[in-house]
Amino acid sequence: MLLLFISSFLAATFIPFSSEIHFAAVIHEHNVFAALVIATIGNTLGGMFSYWIGWLTKWNWIEKYLRVKREKIERFQKIIEKKGGWLGFLCWAPIIGDVIAIGLGVFRANKYLTLFTMLTGKFIRYLIIALIILDFCK
C-alpha cells in the first residue's frame, strides 16, 4: 500500500507517471476501500505539492524545471480568477491537471477550497476506476 501511495503522489505531480495500473493491481489484492483512500490521499497530496510549487516558485523556475510554459498557465489566469479553487475538481485530468494545479498556486487560489475540490475530484476519479475494474473482473 505504501507503493500505491507513492505512485499516486508522483502521478499527481509534474513528473510524467501514471498510477492507474498500480491502483488496479492493488484493488485485486487488498481491500478496495483502503486502496481507494490511500490512492486518493496520495494523489491529492501530489496535486497540492504542485499547487505549492506554483505558489512558491518564480516563472523561470516553473518553465525550466517543471517544463510548463508561462503561456499555458497564463491562458488559465482569467478562468482561475473567475472560478478560483473550484478548478481543483479538474486536477485529476491527464495533461492539463498539473497545469491547473500549478496555476492555482501561481494565482493564489484559496488553498482550502482547492484542497477540498481536488480531494473530491480525485476521489471520484479513483472510485470510477475501481467500479470499472471490479465490474470488468466479474
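Some observations on this one:
- Search result, residues across the stretch 94-109 that are of a type in the set (D, E, K, R) and surrounded by fewer than 24 Cβ atoms within 10 Å (Cβ to Cβ): 108
- Test: residue 103 is in contact with an Asp or Glu (Cβ under 9 Å, 6 or more places away or on another chain), over 28 Å from residue 1 (Cβ atoms) and among the small types (Gly, Ala, Ser): yes
- Elements of type helices (runs of 4 or more DSSP H) in the stretch 1-79, at least 2 residues being closer than 20 Å to residue 94 by Cβ: 2-11, 20-29, 32-56, 70-75
- Residue check for residue 84: more than 19 Å from residue 13 (Cα to Cα) and part of a helix (DSSP H, G or I): yes
- Residues in the stretch 5-40 that are in contact (Cβ under 8 Å) with a residue 40 or more places away in the chain and open to solvent by 50 Å² or more (accessible area, probe 1.4 Å) were compared, and the one that is farthest from residue 54 (Cα to Cα) is 28.
- Pairs, first within 22 Å of residue 117 (Cβ to Cβ) and open to solvent by 100 Å² or more (accessible area, probe 1.4 Å) in the stretch 51-80, second at pLDDT 80 or above and in a helix (DSSP H, G or I), C-beta under 9 Å, six or more apart: 56/105; 75/99; 75/103
- Selection within the stretch 122-138 - open to solvent by 10 Å² or more (accessible area, probe 1.4 Å) and either modelled with pLDDT of 95 or more or assigned to a helix (DSSP H, G or I) (or both): 123, 124, 125, 127, 128, 129, 131, 132, 133, 134, 135, 136
The values are calculated or read from the model by the stated rules, or taken from the named source; none is laboratory data. All of these numbers come straight from a predicted model, not from anything done at the bench. We place every Cβ from the backbone using ideal geometry, glycine too, and count neighbours over all the protein chains shown. Just the protein is used for accessible areas: all its heavy atoms, side chains included, with ligands, DNA and RNA removed. Shrake-Rupley method; radii C 1.70, N 1.55, O 1.52, S 1.80 Å.
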